[in-house]
1. In debye to the nearest 20, how big a dipole does the chain give about its Cα centre with +1 on each Lys and Arg Cβ and -1 on each Asp and Glu Cβ?
2. Calculate, for the chain, the solvent-accessible area per residue in square angstrom, rolling a 1.4 angstrom probe over the heavy atoms of the protein chains.
3. Treating only the Cα positions of the chain as identical point scatterers, give the base-10 log of I(q)/I(0) from the Debye formula at each q in 0.14, 0.19 Å⁻¹.
4. Can you pull out the chymotrypsin sites (Phe, Trp or Tyr not before Pro) in region 34-78 whose DSSP state is coil and whose Cβ has at most 10 other Cβ atoms within 10 Å?
5. Residue-wise, which Karplus ³J(HN,Hα) couplings in Hz belong to region 2-16, taking 6.51 cos²θ - 1.76 cosθ + 1.60, θ = phi - 60°, and x for glycine or proline?
6. Please list, in chain and number order, the residues 5+ apart from ASP35 or on another chain whose amide H is under 5 Å from its amide H, with Hs placed from the backbone.
7. Ignoring any ligand, DNA or RNA, what whole percent of the accessible area of the chain comes from carbon and sulfur when the probe is 1.4 angstrom?
8. Using amide H atoms built in the peptide plane, which far-off residues or other-chain residues are under 5 Å from ASN27 H to H?
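The values are calculated or read from the model by the stated rules, or taken from the named source; none is laboratory data. Everything numeric here is computed off the predicted structure, so don't read it as measured data. Note that we place each Cβ from the backbone using ideal geometry, even for glycine, and neighbour counts take in every protein chain shown. These accessible areas exclude ligands, DNA and RNA; they are computed on the full protein's heavy atoms, side chains included. Shrake-Rupley method; radii C 1.70, N 1.55, O 1.52, S 1.80 Å.
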Amino acid sequence: MKHNLKILPEYFDAIVSGKKTFEVRFNDRDYQVDDILLLQEWVDGQYTGRSLEAKVTYLLDNPHYCKEGYVIMAINRL
């Protein structure tokens, strides 16, 4: 499944640079391994036009490590 998501510039830039290889999100979309995330940069209530796609390669939803209702997704840029 493909998910369109807003992302702030500091996190977008960290993914672009390769420093950030994960995404933490509230799991209101039933995220799964192999899902595609379309991450669209969002500033001051509007999209900037910059976007990237990433594939979910691993999903952690263990309550010992994640706040209730949240998941940590390992991602690879496409």
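1. 180 debye
2. 67 Å²
3. Treating every Cα as an identical point scatterer, log10 I(q)/I(0) equals -0.43, -0.78.
4. TYR65
5. 10, 10, 8, 10, 7, 8, 6, x, 4, 7, 4, 4, 5, 6, 4
6. VAL56
7. Carbon-and-sulfur percentage of accessible area, whole number: 49.
8. TYR70, VAL71
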